1. Name the residues in the range 351-364 that are modelled with pLDDT of 90 or more and in a loop (DSSP other than H, G, I, E, B), would you?
2. Please work out which residue is surrounded by the fewest Cβ atoms within 10 Å (Cβ to Cβ), limiting yourself to the range 323-336 and to residues that are in contact (Cβ under 8 Å) with a residue 12 or more places away in the chain and outside any helix (DSSP H, G or I).
3. Quickly run through the range 207-227 and pick out the residues that are over 17 Å from Ala147 (Cα atoms) and within 32 Å of the chain's Cα centre (by Cα).
4. If you check Ala151, Ala124, which single one turns out to be among the small types (Gly, Ala, Ser) and not assigned by TED's automatic domain parsing to the domain that holds Arg161?
5. Take Ser259 and tell me if it is of a type in the set (Gly, Ala, Ser) and outside any helix (DSSP H, G or I).
6. What pairs can you find where one residue is in the range 399-424 and under 27 Å from Glu305 (Cα atoms), the other is at pLDDT below 80 and exposed (fewer than 13 other Cβ atoms within 10 Å of the Cβ), and their Cβ atoms are less than 6 Å apart, with a gap of 6+ or different chains?
7. Name the one entry in Arg61, Arg81, Arg31 that is closer than 27 Å to Asp120 by Cα, assigned by TED's automatic domain parsing to the domain that holds Pro119 and either touching a residue at least 12 places away in the same chain (Cβ under 8 Å) or small (Gly, Ala, Ser) (or both).
8. Within the range 218-256, how many residues are part of a helix (DSSP H, G or I) and within 30 Å of Ala320 (Cβ to Cβ)?
Amino acid sequence: MNAWPDTDGRTIARYLGQLRLRCSTSPIYYRQALRTFQEVVIRDQRTPGQLGREVLETWLRECAMHWPMATLLHRARIVNRFLDFLVGEALIVSNPIADLRAEYHAKSDKAIVRSLLAPDPDQALEALRQFPPFGSVLGDLMRNHIALMQARGYRYQTQARWFWRFDRFLQAHPELAGESVSIMLQHWAAARSTANHAAECEKLARALAKAHHHLDPSTKPRRPDPRPAQQVARHWRRPYIYSPEEVRRLLDIALTYPSPRSPLRPISLYTMLVLTYCAGLRLGELARLNLADIDLQVGTITIRETKFFKSRILPLADSALSALREYLEVRRKAKMPQSPESGLFWHDQGNARYTSHSIAWGLVDILRRAGIKPPRGKTGPRIHDLRHSFVVNRILQWYRAGINPQEKLPFLATYLGHRDIHSTLVYITVTQEILQEANERFRTFGAHCLQVSEAVQP
């Protein structure tokens, strides 16, 4: 066999012959991509059998002038698999895409291709660099502390993310390896000037001090500094309370969501919105729901092992139960898994349950389509604000029914899965409707207590 590249195309033909492509037009596109790549290799390759990054980069930039980005990424994936085939056949030494991915510890081949197309490929590749977890000078300390706290029954997930980000920073700055922990933290705090980062640095410093204390009890724990958290609290964004018209628009968009490859997705997104707005469920709680957690006969839904390891059984409104019945019927007709342990929200295309990230992506996209959230960025209303809206609407209903909301706060805290009413108070946002109802209640009941004539308005 001739060494690759071969001008007669036998290697390409042999490769396509073993792929078993289902679509009749696929071999045409595959052959086009591979031939254009081989032409660049024949023209620019310097060392036989050795493909470098330069040849790959040249091919990508030449193709970028004729193909859109989506097509180019697909063609690059074809070439990448072909290069793996050539390596297996000993026709080339290595795959340059695989080499770059291993060098920079990138998460995907697509990220490598995008970086090579960037104006400054070296800078883009460096931004992809992934370090091994807990490979810094403090890596063992942080890893052992996380394992200790989780063994004691704590989830310790948020703190683990703090440690992971700090570990990456230390690996990116090896010159800090010989410095004290306080100096490392000072450089980490100076890396970003945001208030959230300052608060995270303060919490990280306390967690590191606790880790050192567990290792050496003679070391003193670090006294907390409340100033960074207070600065974050001053800039805390006020929750967005959705109007009934906006919720209706979101539900309509969900039912008509364009999804030709996943026909179950529109009604799935619709049901997610209903449960979020009518029951105040978190995104993670939606993702963890199983079929066994739904009891349509009793009209309840069971939320298991949620935040703070709390489980609860929630009664649902008739509108939510009606939406669930319709969804379950459509889900059954779509021949989704019917075992009690299978996920309630099942992705018919991916053949797996929806994750909290996929749920968030779909619902945020609905917010953008409705014009409630800007097309890009994290600004604007959040999905979690539907939970705030649920609390506000519930308090408003109590006011209108003549019920004192303060007496119902413990029940509302239990319904939301909070440890106490102090967490629930964070969700209470004073709207104009609540203020009017509160003023009316004060006029009706408070005037007698203050011995003020009902005709005198405060």
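The values are calculated or read from the model by the stated rules, or taken from the named source; none is laboratory data. What you are looking at is a predicted structure, and each value in this text was computed from that prediction instead of being measured. All Cβ positions, glycine included, derive from the backbone under ideal geometry; neighbour counts span all protein chains shown.
1. Tyr354, Thr355, listed by residue number.
2. Ala334
3. The answer is Pro224, Asp225, Pro226, Arg227.
4. Answer to the check: Ala124.
5. Answer is yes for this residue.
6. Pairs that qualify, where the first residue is under 27 Å from Glu305 (Cα atoms) and the partner is at pLDDT below 80 and exposed (fewer than 13 other Cβ atoms within 10 Å of the Cβ), are Arg419/Phe308.
7. Unique residue meeting the criteria: Arg61.
8. The number of residues fulfilling the criteria is 12.
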